[in-house]
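The values are calculated or read from the model by the stated rules, or taken from the named source; none is laboratory data. Source: prediction; values computed, not measured. We place every Cβ from the backbone using ideal geometry, glycine too, and count neighbours over all the protein chains shown. Accessible surface is based on the protein model in full, side chains and every heavy atom, while ligands, DNA and RNA are left aside. Shrake-Rupley method; radii C 1.70, N 1.55, O 1.52, S 1.80 Å.
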Amino acid sequence: MRVTVTRAAAALSIGLVMASQAAAQNNAQNAPQCDPTANTKGDIAKAQFSMTRAISAINKGSPTKDLQDALRLVDNGNDNPTARAYLRGEAYIIYLMQPNAQAVVPRSSLGLTTNPTGTIDLYAAADSAFNIVETASPECATVIGQWRQQKPWLNTLNSAINALNQNQLDSAEVLAKRSLLLERKAPYAYSVLGSIAKSRQNWTAANEYWQQALKAAGTDTTYADVRTKTMYEIAAAASDRAEAANGAAKRTAAKEAQKAWQDYIAAANNDLLLADAIDQAAHAYYVAGDSTSLPTLYAPFMTSPAKYGELSLVHAGVIATRSGHPRDAETLFEAALAQNPYSRDAVNNLAATYIQNNEYSKAFPLIDKLMAMDPNNPDNPLLYAFAYQGLYKGTKDKKLQKIYTDSLVYFNSKSENAPVKVTVGEFTRRADGTIVAGRIENRGTTPKTYTLSVDLVDKSGNVVGTETTTVGPVAPKSTGTFRITSTKGGVFGYRYKPVT
């Protein structure tokens, strides 16, 4: 899974230039206030002045000399350890923000005269310095948090993500763990480490990291996206383990997957991923030998259908159908159709469900609509045939039986003898574009070239765009493919003109 960071570190103009001021102004209405360098004097006061110059030099030149001066002054004594630690932490972070700055450097490069040939890990050193301030002055947590999430943390985290996305697992692991030295309260690095462990099939480690990600995300709405993605990873990994297991262990693992998918479904709001989650959860129920409990899976969709999108409602309806609950399926498909009257899947499934439930008068208008949307799909006339077959079985009237039989034969023949079959296999809708793709099958005996004209419609059925493509020549008993890409967004459905 590709990982992205959606929460940026504090902006330079606020996080750095204002950080020292924030120390004096933080939570001005509440006591105690954060001010770790208040009432300083001597070397510490001089070091604070050097830090002010260093911050000012960030975008105007090199702050290195001022940083070296500040660190030498801070290192020259033991009084007021909190102020000294705060200034050290600031200096390390600013140093790491310089172009080509290294994480581990000789102490002499920082102007330190004690053990100058030794090295210092700036990430670990900054963390240690900030820990001293946070322990001594808990009211400074917000200010220190701003320093921790500055550019060095963000760049290291993004480098870890990029390495993971390129499958450079060792590098990604090193970088993610380094980012945790500075910031352990954000969930991103734990999510990266979980994905790394998953790639290595170390399920125990993966789950531990994912649980840490969830704990870090908490209920903070800023982290809602990473929280739900992590829950999806946990559930998908549980399904993978169930698929790999055998016997009793397989059923046990499937039950774990059931719970994980239910947790994800309760928290998720991405309709596409929810639809996939419902399918995977249902499979887990079957593997666990618990198919009779499937209604509990789609029960939330029945209770509050407005909370969910059309795709997840359709998939929930399919699960209800397959588990032998056609009345529940009807409710779910109706809810999906209410959200999108031009969802082909909702129209098709609801029409079939009405037929299954012997509600033929409700089915016919939907089949008519389906034929208008998708006129060259031979599966559609079969719905008419099934409906007339049901009507035939439901009457003893010989005249009606004759009419229904003739209609059944007519539509069955229409399906079987259709000279061309159009199948739409992809209908992707975005705010900034739409894709309609599929196949055209030539059922005839001579090569044919087809012109396909597709109308894109809004929720009310109004045409918002029309796209045309040519497919062929297509040999007899063969298929050709089409892919229509439109810049029109906000599309709810499609319909195409009959192809001959």
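If you go through the range 405-433 and pick out every residue that is over 42 Å from the mean Cα position of the chain (by Cα) and farther than 20 Å from Asp379 by Cβ, you end up with 2.
For the range 304-346, filtering for residues that are farther than 20 Å from Arg429 by Cα and of a type in the set (Lys, Arg) leaves 2.
Residue count for the range 240-260, restricted to those that are touching an Asp or Glu at 6+ places or on another chain (Cβ under 9 Å), small (Gly, Ala, Ser) and more than 16 Å from Leu297 (Cα to Cα): 2.
Could you list, in sequence order, the residues of the range 146-169 that are assigned to a helix (DSSP H, G or I) and within 16 Å of Tyr123 (Cβ to Cβ)? Answer for the range 146-169, where residues must be assigned to a helix (DSSP H, G or I) and within 16 Å of Tyr123 (Cβ to Cβ): Trp147, Arg148, Lys151, Pro152, Trp153, Leu154, Asn155, Thr156, Leu157, Asn158, Ser159, Ala160. Among the helices (runs of 4 or more DSSP H) confined to the range 312-387, the ones with at least 1 residues that are under 29 Å from the mean Cα position of the chain (by Cα), modelled with pLDDT of 95 or more and of a type in the set (Val, Ile, Thr) are located at 326-339, 344-356.
Considering each residue of the range 277-291 in turn, at least one proves to be under 24 Å from the mean Cα position of the chain (by Cα), acidic (Asp, Glu) and more than 20 Å from Asn340 (Cα to Cα).
Pairs linking a residue in the range 125-145 that is outside any helix (DSSP H, G or I) to a residue that is modelled with pLDDT of 90 or more, with Cβ atoms under 8 Å and 6 or more positions apart or on different chains, are Ser137/Thr82. Restricting Tyr308, Tyr354, Tyr286, Tyr342 to residues that are in contact with a helix residue (DSSP H, G or I) (Cβ under 6 Å, 6 or more places away or on another chain), of a type in the set (Phe, Trp, Tyr) and over 18 Å from Asn269 (Cβ atoms) narrows the list to Tyr354.
If I filter the range 319-330 down to residues being in contact with a helix residue (DSSP H, G or I) (Cβ under 7 Å, 6 or more places away or on another chain) and surrounded by fewer than 21 Cβ atoms within 10 Å (Cβ to Cβ), which single residue comes out as nearest to Leu294 (Cα to Cα)? Among those that are in contact with a helix residue (DSSP H, G or I) (Cβ under 7 Å, 6 or more places away or on another chain) and surrounded by fewer than 21 Cβ atoms within 10 Å (Cβ to Cβ), it is Ser323. Listed by position, the strands (runs of 3 or more DSSP E) contained in the range 392-487 that have at least 2 residues being without any contact (Cβ under 8 Å) to a residue 40 or more places away in the chain and open to solvent by 70 Å² or more (accessible area, probe 1.4 Å) are 448-457, 463-474.
Condition check ((1) under 18 Å from Leu175 (Cβ atoms); (2) among the hydrophobic types (A, V, I, L, M, F, W, C)) across all residues:
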site	(1), (2)
Asp69	no, no
Val74	no, yes
Ala103	yes, yes
Thr117	no, no
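Taken over the range 44-78, residues that are within 17 Å of Ala101 (Cβ to Cβ) and either outside any helix (DSSP H, G or I) or in contact (Cβ under 8 Å) with a residue 60 or more places away in the chain (or both) amount to 5. Would you confirm, using the coordinates I've provided, whether Glu256 is in contact with a helix residue (DSSP H, G or I) (Cβ under 6 Å, 6 or more places away or on another chain) and of a type in the set (Asp, Glu)? When the stated conditions are applied, Glu256 passes them.
Quick check on my filter: what residues within the range 96-119 are open to solvent by less than 40 Å² (accessible area, probe 1.4 Å), within 35 Å of the chain's Cα centre (by Cα) and not aliphatic (A, V, I, L, M)? Answer for the range 96-119, where residues must be open to solvent by less than 40 Å² (accessible area, probe 1.4 Å), within 35 Å of the chain's Cα centre (by Cα) and not aliphatic (A, V, I, L, M): just Gln98.
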